[in-house]
Structures are given as C-alpha cells and as structure tokens.
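Structure, as structure tokens:
Coordinate-derived values only; no laboratory data. No experiment lies behind these values; they were computed from the predicted model shown. Here Cβ is always computed from backbone atoms with ideal geometry, including for glycine, and neighbour counts include all displayed protein chains.
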Amino acid sequence: MIVVTAQEMQQLDRRTIEEFHIPAGTLMENAGLRVVEEIESAWGFLKGKVVTIAAGKGNNGGDGLVVARLLLERSARVSVFLLTPSDQLTGEAWVNLERFQKISGRIHILKEGTLGELERDLSQSDLIVDALFGTGLSSPVTGLAANVIASINASGKPVVAVDLPSGIHTDTGRVMGIAVKAAMTVSFALPKRGLLLYPGSDYTGRLKIVDIGIPQALIRQLPADLEWITPADVADSLKRRPISAHKGSFGHVLVIAGSGGKSGAAVMASLSALRAGAGLVTLALPSGLEGTLPDRPNEIMTLPLPQTGDRSVGKAALEPLIKFSQGKTVAAIGPGLSTHPETAELVRGLIAQLSIPMVIDADGLNNLVGRLDLLKQARAPIVLTPHPGEMARLIGAAVPEVQSDRFGVAAEFVRRHSVTLVLKGARTIVASKSGTMTINSTGNPGMATAGTGDVLTGMIAGLIAQGHAPEQAARLGVYLHGLAGDLAAAEIGEIGLLAGDLIHRIPAAITKALGPA
C-alpha cells in the first residue's frame, strides 16, 4: 500500500471530485461512516455512551461532524465543541453542521473562558473524537487549539483521531508544538507518512486505513517509492509448498554466530531460520561452545570452528567457512559473535569472499564500523539489519539523528553501499537497492526485549533459503516477525514477552499470513 504526502492526498481528493465526479460531500460522508464503523468494531455499539467531539473549521472538522450525526443517530450521547464560530465554517463542513443541528445535536463554541465546560464533558466521556486539524497543518499549534489538545490528553479517555492526530505534521511525523495522543487513528484511503514516522507513530495508536471511495485508477498513478506492508502484500508473496517437496527444496542456512556467554543468540537465530521454513540449518560456532549450547534443538546441525582465547570465532575459521559454504543457500552472520579483533577480521573476510547471500546483524554490523567500503567488494547480495544504535555507529552519527530522519538515513545508506537495509524499530523500514522503501505494519512494544533481533536475522535468512530474493525476504521477514510478536502479545501480553515466545509463533504467523488455501 502506497504511503502518501499531504500534497499527494490533496491531489487525489481533487482529482476524484473533478475527474470522476464524486462529490466532496460523498467523500466526507464515507469518511465519517468509516470512522463510526471502526469505533463500533473497537468499542462496541455506543448506544447511551458519552462521546465528545472536538472539531475544527476545515474538512477534518466536517468529517467530525458527520461522525457526530451518525453517532447521535445510533443513540450515543454526543456533544461537539467547535474550535471556531459556526459562521466561519464553509462548504461541506457547514452543510454537515446544519445536518447535525437539525437532529438536535449539541454545539459548543470553544473560547478560552469556556475550557472548563469542555473539560467537564471530557471527564464524563466514554470516548473522544479528535477532528481539529487534518493534512493541511503547516505551523505550530498555539493558543486556544493548544489548550484544547492539552485538555484532551489530560482527560485520560480513549481518543479516536480522524485521519491523523491533530498536531502531527502529515509528511514528517513531527509534533507541531503539541499533538493529540490517540488510542486509534482512522486514516482515509492511504496511510500518511507522518503516521508511520517517529514521533508521529507514537501518537497514532492503532492505525486503521479505510476506503472512502478514492478510485483505484488514481491511486495506481502515484509513485510507489514508499509503501506500507499489508496482509495482502504478504499473502501474494508467500509460497505454498508443493506436494513433492523435500528438505532440500527449502535451502540450507549457514548461521555464523555465538561466543562465550552469548550462545543463546546463536541458537535463537538458527531455530528461527528453521521455524521460518528453511529445510536445513547448520550453526557454525566456536568449538568450545558446541557442547554447551542452551536447549539446542536436535534439528540444528553444528560446525565447530577455531576459536580465540575469549571463546569467539577466530580468524583461522575463514578458510573452513568458505569451503563449507559451497552448496549452501544463505549465511546469517553476527548474533552473539563478539567484536574480538580476530572475529572482526573474520567477518570482513567473509563479506569479501562468500559467494552466497548474507544477512548481517548485531556484532556482524559492529565489526563493520569504519570498514563500510567492504560492502562494495561483496560477491553476493547483503541484507543489513541494524537497530538505531547500530545504524548510528555505522554512519558515525548520534541515535537522535537517525531517528529524526529514518527515511533519509536509510535511503542514503542504500544508495552509497548497494545493500538491502532493514532499519529496525517502531515501524521498521526496509530500503532496497531498487530505490523503494517499505514500512512494516506489524509489531508491538513487547518486542523491545533481548533476542528479538536474532529471531529476525534467522527468519530473513530462512526466507532467502526458500527462494525469496533478499529484498523480498527482508520485507516478508519483518512483517512475519512483527505478526509473531502480535500473536504472542495477544495471548500473554506485551510485558514480559520473550524472544522465544516469538519463535514458537512463527509457524502460526506464516499460516495466518498465507490465508485460506
């Protein structure tokens, strides 16, 4: 699904009205109806429930007034607080104000001296609807509007944002002074960039994208340089297994990982590759660790390697690994590997000499700091999977610099180094050599725990082993990884979630993503 800017969305609205002759009023009615449907889906029928709606004077406010009328018709107890005098509303917003008032809808005009009335209604509300500002916000929120948003946030009540949370910049995700903290955002037609970018993503809550009647013919004309991974995208890309399949049909993953005290990361990456569907997995690790692996599944084969005095893989392992890699499908390099000087030398040699695709994470990345020139020497495709801290070390920047421009940082890195980059975090970004970027739509805060990155490394490698191109495997991997985390969180909650909980649910995530046969 394409992710749009404010200008692109405004052009879609205009062309829908002018070229397809769909009235603006119809689009607004559809938008309001979709919001109400999502509210009922999440909170149940609202008959008798108290709903307070804060509305601005533009189209976003008009959408909010449609929501108000439809909820009132469903016997909710609705009050609307307008940010501007009613005689300043124009177009469809004015039409929907009149329609709401005709069915005895309550309207309050917000003023600095009347915030007490708003705060009283907010305190008694079961739900709040934010329809103050839409995609056109371009300057910081100040004065009365800022005070209204502060009151909404202070209420502690669940908020549904119409199209995007008021105060979030549509294109950058920046907070424009202050912004509404939503429990759910119902966005129209296509996701906006600011909903998926930090810090906007922290204000969005559950994101729902709804169809309001924008013709697909217009959407297909948009540049597809930034996309949001959807269930339909994943279902179209995953492969069902043929009846005649055998273990050799699904590739052999070579995992190069582990060191003293970090053997668990090596096991998790290996097991995740198997759970993602790889036919065979061999874990190459320091020889002294082979007999001490924690809960090593019998299905994981091992290749003991020369080790350093610190029980990390030594540089003497390079030749055996190059030889062993012949006939293998993909290598996963880095989980728990350490940054011992010999190990760093080994990693750099592998990048230059391996002839199979590589997924590089954790200490594999740390051993590349200052030597990114090696990426251009690689004989095979490379997928890098840094979290923001690792990304900052790779490019010699601070973490806030990475987080403030995730798209720009990812795009520039891929342009310079010709790799596939998975920039992890909330709304993980996958940037590819083809110039396209995708944003992941799955995952939850419970996944912010040790080992989940090792799981992702193994999953991406396992998908490559089954025949997916590295770029596609990265996109599928981050989606399925997040979906496994969502399934785990739904069963046991986010707090206390372990990486192992994800591993056990990888098959269920794949089954759900594939859909019915």
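How large is the charge dipole for segment 236-337, taken about the Cα centre, if only the Cβ atoms of Lys, Arg (+1) and Asp, Glu (-1) carry charge, to the nearest 20 debye?
Values: 11 positive and 6 negative charges, 58 e Å.
Magnitude of the dipole: close to 280 debye.
Could you give the nm distance between label points at I109 and E491, where each point is 7 Å from its Cα heading toward the beta carbon?
So the two model labels end up 5.8 nm from each other.
Give me the Debye-computed log₁₀ of I(q)/I(0) at q = 0.11, 0.18 Å⁻¹ for segment 215-348, equal point scatterers on Cα only, no solvent, two decimals.
Evaluating at q = 0.11, 0.18 Å⁻¹ gives log10 I(q)/I(0) of -0.51, -0.94.
Apply 1/(1 + (r/R0)^6) to the Cβ-Cβ distance of E117 and A24, taking R0 = 35 Å, and write down the FRET efficiency to the nearest 0.05. Before the final figure, lay out each step's value.
On the way: r = 32 Å, r/R0 = 0.90.
E(calc), rounded to 0.05, equals 0.65.
Binned at 10 Å from 0, what are the whole-percent values of the Cα-Cα distance distribution for the chain, short to long?
The calculated distribution, bin by bin, is 4, 18, 25, 21, 15, 10, 5, 1, 0.
Computed FRET efficiency, Cβ-Cβ of T292 and D225, R0 41 Å: what is it to the nearest 0.05? Write out the running numbers ahead of the final one.
Working: r = 48 Å, r/R0 = 1.16.
About 0.30, to the nearest 0.05.
Taking just the C-alpha trace of segment 237-303, give me its Rg and Dmax in Å.
13.2, 42
Spelling out what I want: for every residue of segment 249-263, take phi, set θ = phi - 60°, compute 6.51 cos²θ - 1.76 cosθ + 1.60 (Karplus), and round to whole Hz; glycine and proline get x.
6, 10, x, 10, 8, 9, 9, 10, 7, x, 6, x, x, 10, 6
So for segment 6-222, Kirkwood radius off the Cα pairs, Stokes-Einstein at 4 °C and 1.567 mPa s: how many µm² s⁻¹?
Values: Rh = 17.0 Å.
Once the numbers are plugged in, D ends up at 76 µm²/s.
Can you figure out the FRET efficiency of A316 with E412, using R₀ = 45 Å and their beta-carbon distance, to the nearest 0.05? Present the calculation step by step, with values, prior to reporting the outcome.
Values: r = 37 Å, r/R0 = 0.82.
That gives a FRET efficiency of 0.75.
In the P(r) worked out for segment 146-254, what percent of Cα pairs fall beyond 21 Å?
Details: 3031 of 5886 pairs.
The calculated P(r) of segment 146-254 puts 51 percent of pairs beyond 21 Å.
Roughly what angle does helix 24-43 make with the longest principal axis of the chain, taking Cα atoms, 0 to 90 degrees, to the nearest 10?
That helix lies at roughly 60 degrees to the long axis.
Classify segment 268-325 as rounded, prolate or oblate from the Cα gyration tensor: take a ≥ b ≥ c as the square roots of its eigenvalues, call it rounded if a/c is under 1.5, otherwise prolate when a/b beats b/c and oblate if not.
Judged from the Cα gyration tensor, segment 268-325 comes out oblate (a/c at least 1.5, b/c at or above a/b).
Over all distinct alpha-carbon pairs, what is the Kirkwood Rh of segment 338-435 in angstrom?
On the way: mean 1/r = 0.0743 Å⁻¹.
Kirkwood radius, segment 338-435: 13.5 Å.
Excluding residues fewer than 8 places away in the same chain, name every one of the lysines whose C-alpha is closer than 28 Å to that of K157.
Once the sequence-local lysines are set aside, what remains near K157 is K47, K49, K57, K111, K181, K192, K208.
Counting alpha carbon pairs within less than 8 Å and at least 6 residues apart, what relative contact order, in whole percent, applies to segment 6-222?
So the answer I get is 20 percent.
So if I place +1 on the C-beta of Lys and Arg and -1 on the C-beta of Asp and Glu, and nothing else carries charge, what would the dipole magnitude of the chain be about its Cα centre? I want it in debye, nearest 20. Let's see the in-between values first.
Values: 47 positive and 47 negative charges, 160 e Å.
Dipole magnitude for the chain comes out near 760 debye.
Any idea how far apart Q7 and D405 come out in nm if each label point goes 7 Å out from Cα toward Cβ?
A separation of 1.8 nm, rounded to one decimal place.
For the chain, give me the percentage of DSSP beta bridges that are antiparallel, rounded to the nearest 5 percent.
Working: 9 of 61 bridges.
About 15 percent, rounded to the nearest 5.
Once you charge only the Cβ atoms, +1 for Lys and Arg and -1 for Asp and Glu, what is the size of the charge dipole of segment 329-453 about its Cα centre, to the nearest 20 debye?
Rounded to the nearest 20 debye, it is 340 debye.
Among I103, T511, G496, whose Cα lies farthest out toward the positive end of the dipole of the chain, if unit charges sit on the beta carbon of Lys, Arg (+1) and Asp, Glu (-1)?
Selected residue: T511.
Run the simple label-point estimate for K376 and E345 please: 7 Å along Cα→C-beta, distance reported in nm.
With each label point 7 Å from Cα toward Cβ, the separation is 2.5 nm.
What number comes out for the charge environment of L122, summing +1 per Lys or Arg and -1 per Asp or Glu over other residues with Cβ under 15 Å away? Before the final figure, lay out each step's value.
Numbers: positive: K49, R77, R106, R120, K157, K181; negative: E117, E119, D121, D126, D130.
Overall, the nearby charge balance is +1.
Just to confirm the number: angle between the C-alpha axis of helix 406-417 and the first principal axis of the chain, 0 to 90 degrees, nearest 10?
That works out to roughly 30 degrees.
For segment 494-517, list residues with backbone N below 16 Å from a point placed 7 Å from the Cα of R240 toward its Cβ?
510-517
Give me the percent relative contact order of the chain, please, defined on Cα pairs under 8 angstrom at least 6 residues apart.
12 percent
Under 37 °C and 0.692 mPa s, how fast does segment 393-438 diffuse according to Stokes-Einstein, given a Kirkwood radius computed over C-alpha pairs? Answer in µm²/s, whole number. Before the final figure, lay out the partial values.
Numbers: Rh = 10.6 Å.
D, rounded to a whole number, is 309 µm²/s.
Please name which of F413, H169, S434 has its Cα lying farthest along the dipole of the chain towards the positive end, using unit charges on Cβ (Lys, Arg +1; Asp, Glu -1) and the Cα centre as origin.
S434
Two decimals, Cα atoms only, Kirkwood Rh: what is Rg/Rh over segment 401-467? Mind dumping the intermediate values first?
Details: Rg = 12.8 Å, Rh = 13.0 Å.
On the Cα set of segment 401-467, Rg over Rh gives 0.98.
Can you tell me the orientation of helix 470-492 relative to the chain, as the angle in degrees between its alpha-carbon axis and the longest Cα principal axis, to the nearest 10?
Long axis of 470-492 versus the principal axis of the chain: about 70 degrees.
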